[in-house]
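The values are calculated or read from the model by the stated rules, or taken from the named source; none is laboratory data. Note that the structure is a prediction, hence the values are computed from the model and not measured. FYI the Cβ positions are ideal-geometry reconstructions off the backbone, even for glycines, and counts take in every protein chain you see. In case anyone asks, the SASA skips ligands and DNA or RNA and just uses the protein heavy atoms, side chains included. Shrake-Rupley method; radii C 1.70, N 1.55, O 1.52, S 1.80 Å.
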2 protein chains.
Amino acid sequence: METRELARFIVCSQFGDIPGSVQDEAVRALVNWLGGALGGCLEPAFETALDALASQFGPAQATLLGRGDRADALWSAFFNALGSSALDFGDAHIATRIQPSAPVAAALFAAAEHRSGSGAQVVHAFCIGVEVACRAGLALGVQQDDHGRHNTATCGVLGAAAACAKLLCLDEQATSAALGIAATQAAGLNVVLGTPARSIDVAFAARNGLMAALLAEKGCTASDLALEGKRGFLSVLGGAQSAVAPLQELGTSWEVARLAYKPFACDFVLHPAVSACLELRHEYALRPSQIVSVGLRVAPVVLQIAATRTPQTGLESKQSVFHGAAVAFVDGTAGVRQFQDQRARNGRVAELRARVEAIADPQLGPDEAHVEVTLRDSRRYERRTRTVPGGPARPLTDAALSEKFRLLAQEVLATDQAERLLALIWNIRALGEIGSIVRASVAECEAEPAELPGSPLIPR
Amino acid sequence: METRELARFIVCSQFGDIPGSVQDEAVRALVNWLGGALGGCLEPAFETALDALASQFGPAQATLLGRGDRADALWSAFFNALGSSALDFGDAHIATRIQPSAPVAAALFAAAEHRSGSGAQVVHAFCIGVEVACRAGLALGVQQDDHGRHNTATCGVLGAAAACAKLLCLDEQATSAALGIAATQAAGLNVVLGTPARSIDVAFAARNGLMAALLAEKGCTASDLALEGKRGFLSVLGGAQSAVAPLQELGTSWEVARLAYKPFACDFVLHPAVSACLELRHEYALRPSQIVSVGLRVAPVVLQIAATRTPQTGLESKQSVFHGAAVAFVDGTAGVRQFQDQRARNGRVAELRARVEAIADPQLGPDEAHVEVTLRDSRRYERRTRTVPGGPARPLTDAALSEKFRLLAQEVLATDQAERLLALIWNIRALGEIGSIVRASVAECEAEPAELPGSPLIPR
């Protein structure tokens, strides 16, 4: 994965060369992301960080989505990524588990609001950023270092830098520099999963990616071998096996078309198991009191990063496959409320959670799981998930994405305001400047009829 | 290296418990650091970053040393670390090659100016920060991953966070959180050595360390196993062998007493070889035209991170042991000018540089090198460096540190202003608030006689 070659691709990419279906998928990803940003902007991790850092804000260049506070572009990128990551309810690139939209879109929206970027520019740069983040993840290799790194952050900073370099129209040399500066800022440890620092990682990735592009724009340089060099990103973060990773089909095959949009508000690795539990619960109308035990077989990574046995907080519960299975059977759903502090500490949930067992099965892929539930009357039911819900093989419809958006937006917007914003984001490609979306994300703002699209609410 | 235990040490440490000789060494390190910050604040890397980022500055909470621009505390930390790192002329912890003063002191000065910290508080917190940064480096192990990581940054962010946590009087829980937030931001790749991004790494470390403390102060949490956990700092950055590193003699043995202050303006790993070359040149009054060849034997790390054969820029020349040897023989010195663009491209230097050969000798320690020079008349001279100049075994005197300071300060201050600032920094422990030093670092500022120390210029 050569830095210079990647820079050349970014510079040469034309929006018109991206297939319409890929562009459509990018818009779907942005609808999914924006809802998450609204849903997460009142979360405790967001409030704490705002309390700590608002005193450091620079001039009002960009908006904190859903809140209306204004800050310099870098802090806007930080907080919008923090908000959209706080609920762990965004997207996931199945092969790498990277959640690229949060760092990439947050950096882009801040940069585009500050520099008056158009909707089409943002969608184009978003495709680029997601591509770079996910390809970096693929290049590192999924098995590297026992899942120690929080790759949504380590690869997200590269994606954010690539996207912002495109939006700012940097030339090849400057784009290479932006990638290099971002590479040497790649950070994030999975030990903080289940804590507020997880979202802070993603926030840093967005901010530092934009910052890399701003530095490169003025001539700051790094190494043109920042990715592939002996002491570069791939070698140091991925080990020897990943140091020379290919850039095959760059510009013809797009990773943004391989995103899943989470139907459940928890770590993506829980999704196959939760999905199977929900299916069993609904198909057989199971009640928790009937259940003697739940046996899960899951991909090994699940027990490496999501095996919290007795979560004490909502954030911890998002990293607990035991909790995910328990709420699926107790509540029959796995939305935001199922992964809040209250639910993590709920007696009925805890009681069933203790009866869930899980074993790692190396034969299972990242979107597979097997569940066997044993009832008091000795009946047994089992279910195998082979494709993860929300992923390309079982996609959320546009209508379902809109519903998810409405659910999350209601935290900060009245119904009519949410509908107006939803219409704007579905039609983002037609917007002359991204600021109209940003302003519509804030409850107090007036409608802007001039920018309202004439096309139907959901264009597909 | 347990996060909670380290946090407890930081919280419980009392300034009075730190031996006077250790405090004295901390003051010497700060004199050395402050000179570097003044000398580097006009460097191109600094100017470029300021050009790119000044539009993002928040309220005037703290000063850019030597410049007088004011910014929010986080940007002040960033730029003061960038300035003090830009010339690569600061300090080095011999065992780890970490240069802890830049990230730790820059974060501290910004925090202390903003929060009206006293000189004694800064010196105390500085001892803590250097201790944490260097112990983290020792825990990672010097041989980890083929020197891929820029540990001045990866460990510096921990040191900066620890120092700021102490300065802000965080309790044990919050200090642990600050360490955790910093750990998950640990970043920096050695592929960018020899480019402006190297100093940017150090700048991020200072800024992110302070930011970790500010976030923790308001209640943001990370993992209490951030350092020692399975997917934590030591395991992911250092590999399995370093995951459980001891905290022996914490509070009784101080790493700040094991710093070297660079006499040469280049990567620390060049110092033993450059020192030997300078000794030969002066002892035998050698002229470049006499020299047929220079043969170096150096520690393996030298050829891993400082083997640039034909540096094209000053920054690249700081990573070239060939260049270091060449300027030692051509110029008879190895100061700031010897590692500038002009000297990197100089014909006479390049001509001799091409006659320098180097081989890696695993028997040589980090402060050792062997040089053999062959003259046209077939004479041969050799010299072995066994202790690095500027290190604890061959320390710079206080007078030499003052001279180094004057040399660097003259870039931005008139002679009398430099002397006044020098007197203040030597007497930092007596200062009621750190702002007096900061203000005296700027040419336009008036003297502040009330804070001038009554004691002699150089107290030891």
So the label point sits 7 Å from Cα along the Cα-to-Cβ vector; using that for A:ARG386, what distances do you get to the other copies, in nanometres, sorted shortest first? 7.4
What does the copy distance list look like for B:ASP146, label position 7 Å along Cα→Cβ, in nm and ordered from shortest? 2.2
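Find out how many positive minus negative residues lie around B:ASP224, taking Lys and Arg as positive, Asp and Glu as negative, among other residues whose Cβ is under 12 Å from that of B:ASP224. Don't skip to the answer; put the middle values down first.
Values: positive: B:ARG4, B:ARG8; negative: B:GLU2, B:GLU5, B:GLU172, B:GLU228.
Value of the local net charge: -2.
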Nearest 500 deg cm²/dmol is fine: what mean residue ellipticity at 222 nm does chain B get from its DSSP H runs of n ≥ 4 alone, each adding -39,500 (n - 2.57), divided by its residue count? -14500 deg cm²/dmol
Taking every other residue with Cβ under 12 Å from the Cβ of B:VAL256 and scoring Lys and Arg +1, Asp and Glu -1, one gets -2
Using alpha-carbon coordinates alone, the radius of gyration and Dmax of chain A in Å work out to 21.2, 72
Rounded to whole Å, give me the distance from the Cα center of segment A:1-29 to that of segment B:171-193. 33
For B:GLU403, inter-copy label distances in nm, listed shortest first [label point 7 Å out on the Cα-Cβ vector]: 8.0
What is the calculated FRET efficiency for A:SER289 to A:LEU42, with r their C-beta to C-beta distance and R₀ = 60 Å, to the nearest 0.05? 0.95
With the Cα gyration tensor of segment A:13-56 giving a ≥ b ≥ c as the square roots of its eigenvalues, does the rule (a/c under 1.5 for rounded; else a/b larger than b/c for prolate; else oblate) give rounded, prolate or oblate? oblate
Specify whether the C-alpha gyration tensor of the protein assembly as shown places it in the rounded, prolate or oblate class, a ≥ b ≥ c being the square roots of the eigenvalues: rounded for a/c under 1.5, otherwise prolate if a/b is larger than b/c and oblate if not. prolate
The percentage of the accessible area of segment B:275-391 (probe 1.4 Å, all protein chains present) made up of carbon and sulfur atoms, to the nearest whole number, is 47
Ignoring ligands, DNA and RNA, the residues of segment A:210-226 whose accessible area with a 1.4 Å probe is reduced by 30 Å² or more relative to the chain alone are A:MET211, A:LEU214, A:LEU215, A:LYS218, A:CYS220, A:THR221, A:ALA222, A:SER223
Segment A:137-191: D in µm²/s via Stokes-Einstein (Kirkwood Rh, Cα pairs, 25 °C, 0.890 mPa s)? 207
Where only protein heavy atoms count, and the probe is 1.4 Å, what is the accessible area per residue for segment B:82-231 in Å²? 17
Would you tally the net charge around A:ALA165, using a Cβ to Cβ cut-off of less than 11 Å, leaving A:ALA165 out, and scoring K and R as +1, D and E as -1? -2
Tell me the relative contact order for segment B:116-238 as a rounded percent, counting alpha carbon contacts under 8 Å between residues six or more apart. 30
Please identify the helices of chain A, taking whole runs of DSSP H, that span at least 27 Å along their own axis as judged from the Cα atoms and have a mean Kyte-Doolittle score of 0.5 or higher. A:119-140, A:197-217
Over 10 Å intervals from 0, what percent of Cα-Cα pairs in segment A:299-458 sits in each interval? 9, 27, 26, 20, 14, 3, 0
In whole angstrom, the spacing between the Cα centers of segment A:366-433 and segment B:65-121 equals 47
Just which residues of segment A:19-48 lose 20 Å² or more accessible area with every protein chain there, against their chain alone, with the probe set to 1.4 Å? A:THR48
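Efficiency by 1/(1 + (r/R0)^6): what FRET value for A:ASP377 and A:ALA400, r their Cβ-Cβ distance, R0 = 56 Å, to the nearest 0.05?
Values: r = 35 Å, r/R0 = 0.63.
With a Förster radius of 56 Å, E is 0.95.
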Among B:LYS166/B:LYS404; B:LYS262/B:LYS404; A:LYS262/A:LYS318; A:LYS166/A:LYS404, the pairs whose Cα-Cα distance exceeds 18 Å are B:LYS166/B:LYS404; A:LYS166/A:LYS404
Could you report the buried accessible area between A and B, both sides summed, computed with a 1.4 Å probe and given in Å² to the nearest 100? 4700
